[in-house]
1. Kindly indicate whether any position in region 148-163 is part of a strand (DSSP E or B) and at pLDDT below 95.
2. Here are some conditions: (1) more than 14 Å from the chain's Cα centre (by Cα); (2) surrounded by 13 or more Cβ atoms within 10 Å (Cβ to Cβ); (3) modelled with pLDDT under 90. Residue 134 meets all but one. Which one does it not meet?
3. So for region 96-119 (the condition being under 16 Å from residue 14 (Cβ atoms) and either among the hydroxyl-bearing types (Ser, Thr, Tyr) or assigned to a loop (DSSP other than H, G, I, E, B) (or both)), does at least one residue qualify?
4. Name the residue that is farthest from residue 153 (Cα to Cα), counting only residues in region 101-128 that are small (Gly, Ala, Ser) and surrounded by fewer than 23 Cβ atoms within 10 Å (Cβ to Cβ).
5. Return the pair list, or none, for Cβ contacts closer than 8 Å from residues in region 62-79 that are loosely packed, with under 15 Cβ neighbours inside 10 Å to residues that are assigned to a loop (DSSP other than H, G, I, E, B), at least 6 apart or on different chains.
6. May I ask you to list pairs of residues, at least six apart or on different chains, whose Cβ atoms are under 8 Å apart, with the first in region 145-166 being farther than 24 Å from residue 38 by Cβ and the second being at pLDDT below 80 and not aliphatic (A, V, I, L, M)?
7. Considering region 137-166 alone, what residues qualify as being closer than 14 Å to residue 55 by Cβ, surrounded by 13 or more Cβ atoms within 10 Å (Cβ to Cβ), among the hydroxyl-bearing types (Ser, Thr, Tyr) and more than 13 Å from the chain's Cα centre (by Cα)?
Amino acid sequence: MHPQHSASQAYLASVAARVAADECRTWWEDWAGVPVFVGRRADFRWRWMATKLHLFTVAAAVHEITIPTIETFTDQVMAYAKKTKGGLPAGLQTGIAVFPLLVSDRVDPAAVRWAEAQQRNKWACMARPVVVDSTQQYVGTYRGTPAIGMAYSSYLERKAASYFYG
């Protein structure tokens with residue numbers, strides 16, 4: 001195995017372990033020949049206007065990360081989470097948050113900036129894309145407090161810190 005590829009695989013394994021340790025349900029899937037890790041949990045808080053938030057962490061090691069790569073993966077993960085969630089439709093006392101994570105030893109710095117720029121939102125679904133450069137050991141993701149989904153921001157910050165920076 002190529003050393004950089006093994007660094008990406010090692011990072012993916014560490015994320016999988018940290019997500020599982022957070023009492024998420026975890027499994028692996030095959031997405032068009034790419035092994036993809038999925039972690040899922042649901043939490044209810046009164047301070048979230050009595051909503052249940054379904055959090056999906058979906059991660060894969062890829063050959064190269066560019067803006068189109070992370071943007072497409074983010075859209076795929078949002079659609080996957082909406083389809084997989086079950087229960088009440090998103091928006092009816094239930095929300096979805098996703099961490100679409102790609103790791104590679106070849107990362108376009110513009111892709112890192114894209115991930116760090118903002119939270120991506122669609123109806124009742126928030127995404128905080130994560131781009132990981134395994135050679136630089138750098139994790140790029142949004143770390144602000146967005147206007148939409150502000151109530152969930154500190155929760156997502158804590159989860160990102162424990163899953164991706166361990």
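The values are calculated or read from the model by the stated rules, or taken from the named source; none is laboratory data. Only a predicted model underlies this, so the values are computations on that prediction, with no experimental measurement involved. Backbone-built Cβ (ideal geometry, glycine too); neighbour counts: all protein chains shown.
1. no
2. Here residue 134 clears every test but (3).
3. Yes, the conditions are met somewhere in region 96-119.
4. 110
5. 63/106; 64/106; 64/108
6. Every condition considered, the pairs that remain are 151/47; 151/48.
7. 152, 153, 155
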